C-alpha cells in the first residue's frame, strides 16, 4: 500500500474514513459472523448435548457424543471411506490432469476446443452428473457395460455391490475434476521459462529427461496446491453420493458430510452430528495449517 | 512458447498423431456421458431397455421432455432457481465490492487485523455450519423461504480478495484525481473502481451464478415443500419411487437443469477458463 503524507488537520477525515470503512465492511462481517464463525462455537456447544432440534430443552451429556463416536463402527467406516476417496482420487486425477496439460500445452490445432470439452464437467450441475452416471453404471443397460463386455468381462453390479460402489463414486469424482486440475497445470506449465528447455535440448536431453528434470520439479507449487485443493474437496463430497448411492450399500460409500447430513436431518441426532462436524472441521483445519507450513519448506519455487 | 520452424519429419508426425489421439480419447471419455444423457432422453422406453444399447433412436421422442416437465412442477423449480441464484449473486457481488474497496482504499486503524479475520473465514468449510445455520434460520422464521436459501451464502471472502487485488492495481493517480474533484468513496467505487474492474466482476458474477445454480445440499436442507425447491433439489426428488418415471425422463429432466449452465459455459468458456487459470476464481 502507498504511504500517504497528510497534513495534521486530516483527523476529521480520518474519522470519516473510519465510519465509511465500517459501513462498507459491515454487511460482510455481520454475515460471516452469523453464518461462518458463530457456527464453529455453536457446533462445539451442541456437541456436548443430546438434542433432536425440535425439543425446547437440550440435555447435557458431556463427552458422550465423542465417546459414542469412538465406539461407532459406522463412524470409522465413514472416516475410512472419506480417506480412501480423497487419496485415490487425488493421485489418479492429478496424474491424468498433468498428462493432458502437457499434451495440450504443445502447439496443436483445436487446442481451445479440447480444453473446453475437458473442462466442461467442472461447471456441470453435480446432481445432473450423478443422474447420468447412475444410469451409465446400470449393470444391465448401462453404457459402461458395453466397454466392459467388449474386453470380455462381466459388468459388476456397480452401485449395488459393497466392493464396487466406492470405486464407482471415485470414477465420477475423477471425471468431474480432471479438467479443473488440467487447466491449473496448464497455467503452471506456462510459467516455466522456455529457455530451460532450449538449453536442455542443446545438451541433448530427451523429452523424458526434460519432463522429470525440468517440468516436474518446477511444477511442484502447482502440484502441491492441487493436492491440497483436491483432498479438501473430496473431504467435502456430498452431492454425487447422495444421488447415486445414499451412502450405501451398507455404508460402503458413506462419507463424513453425508453422515453428518443423515444424523442431523434424517435422524435428528443434532448433538452427535455437531460432534461429527467438528471432527471434519479439525481435519480440514489441520490440512490447511500443515499446508501453509510445508508450502514454505518443500515446494520448489 | 518459442515457435520452432522445422519440417514435419516422420517422428514429429507420429508425435502429433499420438497427441491428437490421446486428446480425442480423453475428450470422448469426458463427452460421452453428455451424449449418453442426450440420446437416452430421446429414446422410447423399449429402446432404453435394450442391450447392447442403440446409440440413436428409431424415432426421436421429444414427448419425453414434456412428460418429464409435467412429472414435477419444473416451471416453479425454474422460477425458484432463477430468483435465488440471481439475488444471491447480486448480493454477494455487492458485498464483495464494498469489502474489497474498503480493504484496498480506505485507511482504518484495524484494517490489517480485520483482513486476517477475513482470511481465517476462508478456511472454515461451509459443511461444518449446516446445523447452526439451520437453527439460526429457524429462529428467524426463514425455513423454506427464498431468503433462507440465499442469505447464509452471500458473505464473500474469495470475491472480496479477488476484487481487492484488482482495485490495488488501479493507479493511485486516478483515485487522487477523483478525490480532488470532491468525489467520496461511494462515488469513486461506483464510477471509477467498479467500471474499471468490469471484466473481473463479470467473471466473478458468472462463476457465482453457476455455483449457486448448481448448489444442492443447502437448498435440500432448508426447503421442505415442493413449491420452494430449486432445480437440483427437484431433480433429485424424481429418483423417488413415487414418481415412477423411466431413465429417459430422468435424463430429459437433467437436461432442463443443465441447459442454462451449459449455455453460459459455451458463451463464456474462454473467459471462465482463463479466469480459473489466472487464479481469478476457484473451482
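General observations
- Cα-based helix-to-principal-axis angle, B:158-169 vs chain B, degrees rounded to 10: 50 degrees
- Point-to-point label distance, residue A:157-residue B:113, nm (Cα→Cβ direction, 7 Å offset): 6.3 nm
- For chain A, the mean residue ellipticity at 222 nm estimated from helices alone is -20500 deg cm²/dmol, where every DSSP H run of n ≥ 4 contributes -39500 (n - 2.57) and the total is divided by all residues, rounded to the nearest 500.
- Principal-axis tilt of helix B:247-277 within chain B, Cα atoms, nearest 10 degrees: 40 degrees
- Label positions at residue A:282 and residue A:267, each projected 7 Å from the Cα along the C-beta direction, are separated by 2.0 nm.
- The sum of -39500 (n - 2.57) across all DSSP H runs of n ≥ 4, divided by the residue count of chain B, sets its helix-only mean residue ellipticity at 222 nm to -21500 deg cm²/dmol.
- Using the average count of surrounding beta-carbon atoms within 10 Å as a protection proxy, the listed peptides A:281-288, B:233-240, A:206-213 rank, highest first, as B:233-240, A:281-288, A:206-213.
- Per-pair calculated FRET efficiency, R0 = 51 Å: residue B:62 and residue A:192 via Cβ, rounded to 0.05: 0.50
- Cα-based Rg of the range B:149-257 normalised by 2.2 N^0.38 Å, two decimals: 1.64
- Residues listed by number, the range B:247-275, amide nitrogen under 14 Å from residue B:205 label point at 7 Å toward C-beta: B:268
- Relative exposure of A:161, B:181, A:138, A:239, judged by other C-beta atoms within 10 Å (fewest first): B:181, A:161, A:138, A:239
- Span from the the range A:228-299 Cα centroid across to the the range A:158-193 one, whole angstrom: 18 Å
- Cα-based shape type of the protein assembly as shown, given that a ≥ b ≥ c are square roots of the gyration tensor eigenvalues and the cut on a/c is 1.5: oblate
- Against chain B, whose longest principal axis is taken from its Cα atoms, helix B:198-214 shows a tilt of about 40°.
- Spacing of the two label points (7 Å from each Cα toward its C-beta) at residue B:177 and residue A:112, in nm: 3.3 nm
- Estimated at 0.36 nm per residue, the fully extended path between residue B:278 and residue B:35 surpasses their Cα-Cα distance by 84.5 nm.
- Shape of the range A:8-111 from the C-alpha gyration tensor: oblate (a/c of 1.5 or more and a/b not above b/c, with a ≥ b ≥ c the square roots of its eigenvalues).
- This ranking places B:105, A:296, A:106 by how few other beta-carbon atoms lie within 10 Å of each, fewest first, which gives A:296, A:106, B:105.
- Listing B:11, A:113 from fewest to most neighbouring C-beta atoms within 10 Å gives B:11, A:113.
- Using a Förster distance of 30 Å, the FRET efficiency for residue A:52-residue A:246 (Cβ separation, nearest 0.05): 0.85
- Oblate is the label for chain B. Its Cα gyration tensor axes, ordered a ≥ b ≥ c, give a/c of at least 1.5 and b/c at or above a/b.
Each reported figure results from applying straightforward, stated rules to the coordinates on display, with no laboratory input. Since the model is a prediction, treat every value here as computed from it, not as a measurement. So basically every Cβ, Gly included, is an ideal-geometry build from the backbone, and we count neighbours across all protein chains shown.
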